Each structure stands twice: as C-alpha cells, then as structure tokens.
Amino acid sequence: MKRIMLFFLAAGFICSAVFAQDVGALRTEIHSKLRDKRCNMPLSECNCPEAKEMKGYIDALLETGIAKDEIYYKVAKKFSLKTILDENLKKELEKRLAGEAGESRPQLVLESTVFNFGEVKKSQGKVSTVFKLRNKGNADLVITNLRASCVCTTISLAVDKQKSLYFDNKGAPKDWKMELKPNQVGELEVVLDLAHKAINVGDLTREVDIISNDPLYPETSVRVEAKVLEAPGSQPGNKADSQFSGKLIEGVRVVELKAAQYKFAPDPIVVKKGERVRLVAKSLDVGHGISIPEFNLNLAIPTGPDSVGEFTAAKEGEFTAYCSVYCGSGHGKMQGKLMVK
C-alpha cells in the first residue's frame, strides 16, 4: 500500500514539474512576440509598470489553460495591437478585430509618424512641425487626449477652423475631445522648445500620444527627432580639466546628476575606486530613476526637490546605469555609464 501511495505521489510530482516547464516555455514564447506599448521594448526585456501589468494578465490567462492564440487575441484587445511585435501575428489579429468591430467604425490613419528636424541649436528656441491625420473609417473619430512625453514639447490639434489649446506632458483636460467625421483631415502641430532646460546637447527624441476611440489602435503616437548642437558662445566641457566627475567634499565625491528624456548628465560619471559617492539628482522634465545594480543603488528621481543617493565605489570597471522609473517611450534606452578608475 505504501509503495502504491509513493508511486502516485512521485507521478504527481513529475507531472507537476513537466506542466510547470511547459507553462514556462509557453510564457517565454508569448513574451517574445509582444512588446510594451509605451516604451516599445520587447516584453521579455521590460519591467515598466505597464509591462508588469501585461505579464500579470498573461499569467492569469495561462492559469486558465486557454490556447496560445486566444491569449494573443485577448492581449491585443485589452492593450491595443501596438503590443504585438510579430508582424504576421499582428495582421491576423487586426483582421479578426476589424471583423468584430464591423464596417461602421472609426479608423485613425497618419500620413507619417516621424519627423527629424536635423541639426538644430538651443538658441533657435521653438521649432515645430505638423503631422496630418485622417479618419478613414465610416464612423466619427473622437480624439480624447493628446499627451507629450516631455514638458519641453507641446501639441495642438486643428480640425477645419477649430483649433485646440496647446497641451504638454500632462495631457488634455478630462472633458476635452475633438471629432473627425469620416474622411475628415486634422493637423497635429508638435512644438519643441529647444531652449528648455530639459533639452540637452546631443541626439533627441520626443513622442506624442494620441488617444481615440479607434477600436484597433486606441493609442498611437508620433515622434520628433533632432540633433541638438551647442548654443553659440557656449564651450563644451574639457575632459582634460578633471579626471573625475563632481567635487570631493569632506572625503565624499559629490556629483550633481541631471536626468531628462532620455539621458543622464554627466555621462559617464567618473569616480575613483574606494571613494564614497553621493549623487544629488534632479529631474528636468518627468519622473526618472537611476539604478546601478552592482552597487545596490536604486534612486527615484521625481520632479521637484533633489534626490540624494550614496554608494561606495568598491570595485573598478565600467558599469551601466539604468533609468528605473518609466519616463516615456524611450525609457528602455535611457542608460548611462559609471566608470570607476
């Protein structure tokens, strides 16, 4: 009798282990075909709050035992088709969702989604471009929000003679909306203030989210890019002036760190091995964070007062500093370097 019980216990354990392995492999496969809709990183590489929400939703679906294709469908319906990384899968799901929505539905179509200003100088101040959008559906398209990724960027929507106010990273008021009739065209003006303190010298990317009642793509976006040059009369920092970042104050190396989409400054942060390092961090636009796992540093950098974090540079080498708080579509690419010499 004991042998029989042991046999069934062992069999149950083996089945459970095999099932867990199968679910793990399926989860990995599903994650590989999805991405976070905000920062566009593959879901398997992203730990943003939105990505965590998606992963939790997928885990809950996996527990029900439904088919893999149904999981993709439910994720696309709940989080938008933007989350589908695999193009063939996206086409299949788009066809299915379009069939469900029927012919009488709005459809937001953008003539272009990216504009590059090229080389610009901070002294130019405000520059702008216009993206044209059209309602190619058979029902009224209702746009309920426009939201920029940075305080340095504002947007306004014009439909015929009606033009909205300019909105920034806070978005439009809750009761705001604008409608486009079938085949009607709107113009989305994106204004970039190069003189804003949130804009640093170097490559720049800013995004604008468009939220509407399009059943397939309820949230889509456009992007502006530029290469920002030094303002006239300014002098680039001379690296030969000092080997290390910040100042040594009472035995502690104090580094004033600025965080703005999607960069840290200074970059790299250069310190001496064995030093106690104090980061006095400030956000120039939206909330950020800085994480250097090798030194157990994970500092939130909200807007407002400075944030302070300390660590000891106990080991020599080059380490990656990550933004640890979701800050916009380029969040996954916001990285810097710590060099310990």
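The values are calculated or read from the model by the stated rules, or taken from the named source; none is laboratory data. Bear in mind that the values here come from a model prediction, so they are computed numbers and not experimental data. No Cβ is skipped: glycine too gets one built from the backbone with ideal geometry, and neighbour counts run over all protein chains shown.
Looking for whichever is more than 16 Å from Ile210 (Cα to Cα) and surrounded by 14 or more Cβ atoms within 10 Å (Cβ to Cβ) here; the options are Val151, Val191, Val109. Which one fits? Quick ask: steps written out before the conclusion?
Details: Val191 fails: more than 16 Å from Ile210 (Cα to Cα); Val109 fails: more than 16 Å from Ile210 (Cα to Cα).
Every option except Val151 fails the conditions.
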Is there a residue in the range 164-174 that is in contact with an Asp or Glu (Cβ under 6 Å, 6 or more places away or on another chain) and not hydroxyl-bearing (Ser, Thr, Tyr)? no
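Conditions tested, residue by residue: (1) more than 28 Å from Met178 (Cα to Cα); (2) surrounded by fewer than 17 Cβ atoms within 10 Å (Cβ to Cβ); (3) modelled with pLDDT of 90 or more.
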position: Gly56; (1), (2), (3): yes, yes, yes
position: Asp59; (1), (2), (3): yes, yes, yes
position: Glu63; (1), (2), (3): yes, yes, yes
position: Lys90; (1), (2), (3): yes, no, yes
position: Lys95; (1), (2), (3): no, yes, yes
position: Glu103; (1), (2), (3): no, yes, no
position: Thr129; (1), (2), (3): no, yes, yes
position: Lys136; (1), (2), (3): no, yes, yes
If I ask for residues that are out of contact with any Ser or Thr (no Cβ under 6 Å at 6 or more places or on another chain), part of a strand (DSSP E or B), of a type outside the set (A, V, I, L, M, F, W, C) and over 13 Å from Val254 (Cα atoms), which ones from the range 295-316 would you list? none
The correct count of residues that are loosely packed, with under 15 Cβ neighbours inside 10 Å and farther than 18 Å from Leu81 by Cα in the range 113-126 is 7
Subset of the range 186-228 (residues that are more than 28 Å from Lys74 (Cβ to Cβ) and in a loop (DSSP other than H, G, I, E, B)): Leu194, Ala195, His196, Lys197, Ala198, Ile199, Asn200, Val201
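For the range 329-341, how many residues meet the condition of being part of a loop (DSSP other than H, G, I, E, B) and buried (at least 23 other Cβ atoms within 10 Å of the Cβ)?
Residues in the range 329-341 being part of a loop (DSSP other than H, G, I, E, B) and buried (at least 23 other Cβ atoms within 10 Å of the Cβ): 2 in total.
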Go over the candidates Lys74, Lys68, Lys91, Lys132 one by one and state the one that is in the same structural domain as Thr154 (by TED's automatic domain parsing) and over 21 Å from the mean Cα position of the chain (by Cα). Lys132
Right, Ala172: buried (at least 17 other Cβ atoms within 10 Å of the Cβ) and under 30 Å from Lys282 (Cα atoms) or not? yes
